[in-house]
Every structure is written in structure tokens, then in C-alpha cells.
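Where a number appears in this text, it was derived from the coordinates with a stated rule and is not lab data. In this text the structure is predicted, and so the values were computed from the model without any measurement. Heads up, the Cβs are rebuilt from the backbone with ideal geometry, glycines too, and the neighbour counts pull from every protein chain shown.
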Amino acid sequence: MKALILLLAFSALFRSATAAEPIQLSIMPGLAWHNPQKDISGFRLGIWSESASFKGLDLNLGQQTRGDWSGLGFAFYNQVDGDMRGLQFAPFGMNYTRGDAYGWSSASFYSRIDGEMNGWQSAIFSYSMKGVNGLQSGLVSISGDTHNGVQLGWLFAENQGQLNGLQVGLINRSQSVSGLQLGLVNLTQNMNGFQVGLINVIENSPLPFFPFVNAKF
């Protein structure tokens, strides 16, 4: 009987130590309702909040999630070390996702995604290291690998791999484009489509430079 009671007590203790907590209130990691190594599924509110993973409504001045994050969040600084799913906003601040992002990542100043962006990324400076499926917008927009969709960089737009779709900016640059470049200056090595602008350069083309409209198929 005693062994059964001890087993039940141990099971309850283990379950409470591993289950996600519904609420986290935090001033800083050392001054928080729950240990920052806990998973949170529900609501998180704080000056600086940390957790292992997060699902739900997230309202902080700054936050770091060491695993995956999903939900709706507002903070001046958002850092997700895993994947981000949902809507994440950083008014007057920065979003940083180390994994892939699915949804909308919006920051006033800087949005960086080390993985792949699937959805919409917007900031003054938007950077997605492994490419974009969807829309990327900013004064400066940079994507790596493959970009499927639209890239808007009002001052400068760059894709470091293959862009399939539309690239718009004062200066546009991509290694390879299948679609349309629209800007004052358009630069690419390979093109399957059109360039519209004052200066249009397609390096691997019988007509490498032509003003106003250039094309290669």
C-alpha cells in the first residue's frame, strides 16, 4: 500500500514537473511565477518572459522562447529559438526566429528569420536566411535560397538564390528570376521573364543591358 502511495505521489510530481502551465507572469527569469524551463500553454505576461515552449496569447516587453512558439504575441523584442506559428508583432522593436516561421512576423525595425518564412514578413529591414514562400516587405528586404511570391524592398530588394514571382524596389538584385523585376535598377544573372526600369541587366543574355524594358526566356 505504501509503495502504491509513493508511486502515485511520484507520478503526480513528475506530471506537474513536465506538463505545460496555463499562465506565466514574469518580471525577469528569476522573478517569475513558474520556472522559465517550463512549457506555457495559455497566457504569458511580463516585462521579460522566458519559457521552454509557448502556445497562446503573449504580452511582454521582451520574450525568449527556447523551443517552438505559436499564437498571438506583442513585444518590443521577440526571440524564438524553434519555429514560430501565428502572428507576432514587435512595435518599435525586433523579431528574431531561429527556425522556420509560419504566419505573419511584423516588426517596426528588424525582422530576422534564420529558417524559411511561410507567410508575410514585414519590417524596415526584413531578412529571411533560407527563403520565403509568400510576401516579404520592407525598406530593405533580403531573402536567401528560393523566394516564391512577392518581395518588396522600397529602397533595396535582394534574393540570393532563385526568385519566382515579383520583385519590386528602387534597386532589385537576384541571382536568378522567373517572373518580373520592377524598379529603377534591376540586376540578375539569369532571367525567365521581364525587367522594367531605367537600368536593366541580365548577365547571361544575348542582350545583357537594355533600358526601360528587358527580357529573356
Out of 64, 37, 24, a Gaussian network model of the chain with alpha-carbon springs under 10 Å gives the largest mean-square fluctuation to 37
Counting alpha carbon pairs within less than 8 Å and at least 6 residues apart, what relative contact order, in whole percent, applies to segment 130-178? 30
Magnitude of the Cβ-charge dipole of the chain, K/R +1 and D/E -1, about the Cα centre, nearest 20 debye? 300
Positive-end residue of 136, 186, 164, charge dipole of the chain with Cβ unit charges: 136
Tally Lys/Arg at +1 and Asp/Glu at -1 over every other residue whose Cβ is under 13 Å from the Cβ of residue 200; what's the total? +1
Most exposed to least, judged by fewest other Cβ atoms within 10 Å, 40, 23, 199, 142 sort to 23, 199, 142, 40
